[in-house]
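Student: One structure follows; several queries about it will come next.
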Amino acid sequence: MSNLQHASSFKDLIVYKKARQISKQIFELTKKFPKEEMYSLTDQVRRSSRSVGAQIAEAWGKRRYIKHFISKLTDADGEQYETQHWVESAGDCNYLSLEQVNILISDLKEIGRMLNGMMKNANKFCMDKELYLNEKIKDYFTNAPD
C-alpha cells in the first residue's frame, strides 16, 4: 500500500472508481429486467449502487471533520449492503444468474472492506490539523465566557 499515490480528489480513490464501475455494470444488467420492475427493483438497485460513489464523494468533502468523514463512509457502506440485498433479490427472481450475483456480491464486499479500511485509517485521509476548523464557543454566542 505504500506505493499508492496520495489522492488529490475523490476521483483518485480506488474505492470510488470501483463503486462507479459496479454502478455501470448494474445499470447494464438491469436493462434486461422486465418492464414491470422499472419502478421497483430496477430503480432500487440502480439508486443504491449509484449512491455508494456519491457518499464517497461527499465523505471527501467532509475531510475537515473526521467524524463527518467517517459518517459519510458509513453511509456509503450501508448503500453497498443495500445494493447486495437488491442484487440477491434480482437473483431470487431469476433476473440475474447465480454467477452474476456472486460476482457483484464479491465486488460489493470488496468495496465494503475498502470503506472499512478508510474508516479505520480516517486520519490518513483527513486534512492536516492546521486546516481543521478550530472555533470557539464565544464566536457564536454573545454571552459566552472568554
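Student: Any chance you could count how many residues in region 12-50 are more than 21 Å from ASN116 (Cβ to Cβ), part of a helix (DSSP H, G or I) and of a type in the set (Lys, Arg)?
Tutor: So the count comes out to 4.
Student: Of the numbered conditions (1) surrounded by fewer than 16 Cβ atoms within 10 Å (Cβ to Cβ); (2) under 27 Å from ASP12 (Cα atoms); (3) modelled with pLDDT of 95 or more, ASN121 satisfies every one except a single condition; which is it?
Tutor: Failing condition for ASN121: (3).
Student: State all residues of region 18-42 that are under 19 Å from ASP77 (Cα atoms) and either surrounded by fewer than 14 Cβ atoms within 10 Å (Cβ to Cβ) or of a type in the set (A, V, I, L, M) (or both); if no residue qualifies, say none.
Tutor: Within region 18-42, ALA19, GLN21, ILE22, LYS24, ILE26 qualify.
Student: Suppose we keep only residues that are surrounded by 14 or more Cβ atoms within 10 Å (Cβ to Cβ) and of a type in the set (Ser, Thr, Tyr) within region 86-102. Which one would you say is nearest to LYS35 (Cα to Cα)?
Tutor: TYR95
Student: If you don't mind, there's one more thing I want to ask. Among the residues of region 61-76, which ones are assigned to a helix (DSSP H, G or I) and surrounded by fewer than 20 Cβ atoms within 10 Å (Cβ to Cβ)?
Tutor: GLY61, ILE66, LYS67, HIS68, ILE70, SER71, THR74, ASP75, listed by residue number.
Student: Sticking with this structure for a sec: Which of the following residues is touching a residue at least 40 places away in the same chain (Cβ under 8 Å) and small (Gly, Ala, Ser): ALA76, ALA54?
Tutor: Result: ALA76 is the single residue among ALA76, ALA54 that is touching a residue at least 40 places away in the same chain (Cβ under 8 Å) and small (Gly, Ala, Ser).
The values are calculated or read from the model by the stated rules, or taken from the named source; none is laboratory data. Remember, it's a predicted structure, so these values are computed and weren't measured experimentally. When we count neighbours, we look across all protein chains shown, and the Cβ atoms used for this are built from the backbone with ideal geometry, even at glycine.
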